[in-house]
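What follows is a single structure, written as structure tokens, with notes after it.
The values are calculated or read from the model by the stated rules, or taken from the named source; none is laboratory data. Given the structure is predicted, the values throughout are model-derived calculations rather than measurements. Backbone-built Cβ (ideal geometry, glycine too); neighbour counts: all protein chains shown.
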Amino acid sequence: MSFSDVHNGGANVRSARAAGNQTATAGGSGDATQVDGAWVSRKTATGSIALSAKAIISYTATLTAAATLKFAAQFQDAVDAAGAGAANYGDAIASTTAATGGGGGTTETGTAEFDVDLGGAREFIRIRVTPDLSAGATDTAAWSAIYLFFGDQRGFPTKSAVNIASADAI
């Protein structure tokens with residue numbers, strides 16, 4: 001067993017698109033408006049299922065001095081890809097500051113990350129994201145989200161040749 005197998009708990013780590021390209025304008029379109037992500041199955045090709053996930057929101061925002069970009073989120077689960085029986089899963093994630101504009105206004109780029117324990121969730125999940133720009137006008141944000149799924153105990157992690165070589169040397 002290699003170092004990376006031990007480090008990842010022998011679990012598959014896979015990604016999936018959570019929410020497509022979105023935009024928000026302070027005080028206008030997309031600001032303080034909940035966006036429903038896509039329904040995504042937690043199952044892998046081998047039939048095992050992820051037990052936890054990290055939702056990563058990638059953003060670029062143009063912010064006036066001291067203005068903020070915040071994200072709030074809520075996970076939901078369902079029995080199928082159409083969202084049958086959809087229900088909120090876990091506690092809502094309170095609005096969290098992702099970026100603050102610097103002096104004179106700046107363009108900020110980064111990520112906001114939210115973890116979710118999927119141990120009790122049904123097969124399909126989605127995230128509902130609410131971006132919030134604090135300025136009254138002009139500030140903008142472009143964002144999208146992906147999932148990283150963890151905890152599938154049936155498979156091995158995907159490894160690059162670099163990781164295999166360095167892990168086997170340990």
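Across region 39-62, what is the number of residues that are out of contact with any strand residue (DSSP E or B) (no Cβ under 6 Å at 6 or more places or on another chain) and of a type in the set (A, V, I, L, M, F, W, C)?
Of the residues in region 39-62, 1 are out of contact with any strand residue (DSSP E or B) (no Cβ under 6 Å at 6 or more places or on another chain) and of a type in the set (A, V, I, L, M, F, W, C).
Residue-wise test of (1) modelled with pLDDT under 95; (2) within 19 Å of residue 119 (Cα to Cα).
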site: 2; (1), (2): yes, no
site: 7; (1), (2): yes, no
site: 16; (1), (2): yes, yes
site: 25; (1), (2): no, no
site: 34; (1), (2): no, no
site: 68; (1), (2): no, no
site: 71; (1), (2): no, no
site: 80; (1), (2): no, yes
site: 100; (1), (2): no, no
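For region 36-63, which positions are more than 14 Å from the chain's Cα centre (by Cα), crowded, with 16+ Cβ neighbours inside 10 Å, of a type outside the set (Ser, Thr, Tyr) and assigned to a strand (DSSP E or B)?
49, 61, 63
On the given criteria, is residue 95 in contact (Cβ under 8 Å) with a residue 24 or more places away in the chain and in contact with a Gly (Cβ under 8 Å, 6 or more places away or on another chain)?
So residue 95 fails the test.
Mind counting the residues in region 102-142 that are modelled with pLDDT under 95, under 21 Å from residue 18 (Cα atoms) and among the hydroxyl-bearing types (Ser, Thr, Tyr)?
0
Out of region 20-34, which residues are surrounded by fewer than 17 Cβ atoms within 10 Å (Cβ to Cβ) and touching a residue at least 60 places away in the same chain (Cβ under 8 Å)?
Scanning region 20-34 gives 20, 21, 23, 25, 27, 28, 32, 33, 34.
Given the conditions (1) exposed (fewer than 13 other Cβ atoms within 10 Å of the Cβ); (2) in contact with a Leu (Cβ under 8 Å, 6 or more places away or on another chain), which single one is not true for residue 108?
(1)
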